[in-house]
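The values are calculated or read from the model by the stated rules, or taken from the named source; none is laboratory data. It should be emphasised that the depicted structure is a prediction, and the values quoted were computed from it without experimental measurement. Because the Cβ atoms are built from the backbone with ideal geometry, glycine has one as well, and the counts that use them run over all protein chains shown. The protein model used for the area step is the full one, side chains on, heavy atoms only, and it has no ligands, DNA or RNA in it. Shrake-Rupley method; radii C 1.70, N 1.55, O 1.52, S 1.80 Å.
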Amino acid sequence: MAEGETGALRIAAREIPIPAHLSPEAQAWLAMPRPPEGANVYPALDDAEAWRQRIAASDAMILTVHLGGGKPFDGTVREIAEGSARGFEVLPAGLDPANRRVFLDVHGGGLIMGAGEVCKAMAVNTASYVRARVIAPDYRMPPDHPFPVGLDDCLTFYRMLLRDRDPQEIIVGGASAGGNLAAAMVLRARDEGLPLPAAVVLLSPEIDLTESGDTFRTNAGIDGMGSLMQANLLYAGGHDLRDPYVSPLFGDYAKGFPPTLLTAGTRDVFLSNAVRLHRKLRAAGVPAELHVLEAAAHGAFGNRTPEEAELDTEVRGFCERRWGR
């Protein structure tokens with residue numbers, strides 16, 4: 001190891017073994033073949049049709065690799081609408097219809113993917129572990145609908161829930177890009193004078209579109225996801241990437257924010273996002289928990305491991321405690 005003239009740390013190429021203390025399922029996930037280097041290449045920002053084709057292919061992969069192979073869902077799913085915003089309502093079987101608790105679940109997908117069937121499948125997965133009613137905005141995205149359209153759609157559903165629910169009956173959450181929109185939506189709701197939800201759940205959140213955190217470099221290549229900057233620019237549509245509604249890491253949390261649970265993995269490029277927001281929330285006096293999965297990259301282990309089941313239990317327990325107040 002040596003330091004360059006700029007102070008940057010230079011490290012020789014090295015092998016990173018799969019930890020033997022992980023579950024067999026997690027070890028098998030980490031042993032899967034990875035996409036070749038340079039596979040994560042994005043179209044030009046002005047090539048809308050190429051973006052649509054890439055998004056369609058990525059959605060098909062997400063459904064197969066990350067959301068396939070699970071148990072059949074025991075419950076009901078129905079499409080819902082509020083003005084021009086569309087979404088899904090998911091009710092697990094056995095849920096008391098009088099139970100007013102609701103989880104507003106914002107899907108992930110790099111701010112460009114995850115619509116339609118992917119949104120529905122992600123909402124079903126969330127309902128399975130929070131064991132509550134889930135409302136999932138199927139928010140509009142680029143290339144046709146850049147910021148702030150998706151954020152507007154999420155806020156529309158939050159306003160809908162506030163019409164007939166106490167805010168303490170609502171928890172807002174999201175994974176990856178969904179964590180971005182969930183946090184941004186709560187910041188905007190606060191700034192517009194709306195009451196805040198009982199809590200926020202941010203799973204490996206993509207809350208810094210400038211990609212300034214340490215683990216965007218230290219976990220580059222280890223995570224395998226690569227930089228999302230081209231997609232970030234497409235989503236922002238010319239807006240400043242440091243705008244708190246675009247990158248909620250840069251928001252002012254001293255003005256108020258609900259208790260928050262954050263997650264990430266030790267191999268996750270978004271680990272710095274979770275760490276930095278956790279410290280920022282704590283400094284602002286906001287109750288905040290941070291849970292980090294050993295050896296997990298972004299997306300963890302495909303929802304197939306005991307480690308993820310344990311984290312699901314943590315999230316459910318956090319929600320139960322916050323809904324109960």
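Of note:
- Residue-level check: of (1) modelled with pLDDT of 95 or more; (2) of a type in the set (A, V, I, L, M, F, W, C); (3) over 14 Å from the mean Cα position of the chain (by Cα), V200 misses just (3).
- Residues satisfying the stated conditions in region 87-144, i.e. within 20 Å of E206 (Cα to Cα), in contact with a Phe, Trp or Tyr (Cβ under 7 Å, 6 or more places away or on another chain) and part of a helix (DSSP H, G or I): C119, A123, T126
- When region 268-325 is filtered for residues that are more than 26 Å from R101 (Cα to Cα) and of a type in the set (S, T, N, Q), the ones remaining, listed by number, are S272, N273, T305.
- Test: residue in region 226-237 that is open to solvent by less than 60 Å² (accessible area, probe 1.4 Å), touching an Asp or Glu at 6+ places or on another chain (Cβ under 6 Å) and of a type in the set (G, A, S): no
- Failed item in (1) within 18 Å of D268 (Cβ to Cβ); (2) in a loop (DSSP other than H, G, I, E, B); (3) free of Cβ contacts under 8 Å to residues at least 12 places away in the same chain, with Q27 passing the rest: (2)
- Test result for G108, open to solvent by less than 90 Å² (accessible area, probe 1.4 Å), within 22 Å of G221 (Cα to Cα) and within 21 Å of the chain's Cα centre (by Cα): yes
- Yes/no for G256 being on the phi > 0 side of the Ramachandran plot and open to solvent by 30 Å² or more (accessible area, probe 1.4 Å): no
- Scope region 124-134; condition more than 12 Å from the chain's Cα centre (by Cα) and crowded, with 24+ Cβ neighbours inside 10 Å; matching residues: A127, V130, V134
Here is a yes/no grid of residues against (1) modelled with pLDDT of 95 or more; (2) part of a helix (DSSP H, G or I); (3) in contact with a strand residue (DSSP E or B) (Cβ under 9 Å, 6 or more places away or on another chain); (4) closer than 18 Å to S128 by Cα:
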position	(1), (2), (3), (4)
A39	no, no, no, no
A50	yes, yes, no, no
Q53	yes, yes, no, no
A56	yes, yes, no, no
D59	no, yes, no, no
L63	no, yes, no, yes
K71	no, no, no, yes
R78	yes, no, yes, yes
A81	yes, no, yes, no
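- For region 12-67, a tally of residues being of a type in the set (F, W, Y) and within 20 Å of L111 (Cβ to Cβ) returns 2.
- Qualifying residue in region 153-168 (condition: open to solvent by 40 Å² or more (accessible area, probe 1.4 Å), in contact with a Lys or Arg (Cβ under 6 Å, 6 or more places away or on another chain) and closer than 26 Å to T263 by Cα): no
- Matching residues, region 180-190, being surrounded by fewer than 24 Cβ atoms within 10 Å (Cβ to Cβ) and either touching a residue at least 60 places away in the same chain (Cβ under 8 Å) or in contact with a strand residue (DSSP E or B) (Cβ under 7 Å, 6 or more places away or on another chain) (or both): L187, R190
- Options A283, A264; residue that is among the aliphatic types (A, V, I, L, M) and surrounded by fewer than 17 Cβ atoms within 10 Å (Cβ to Cβ): A283
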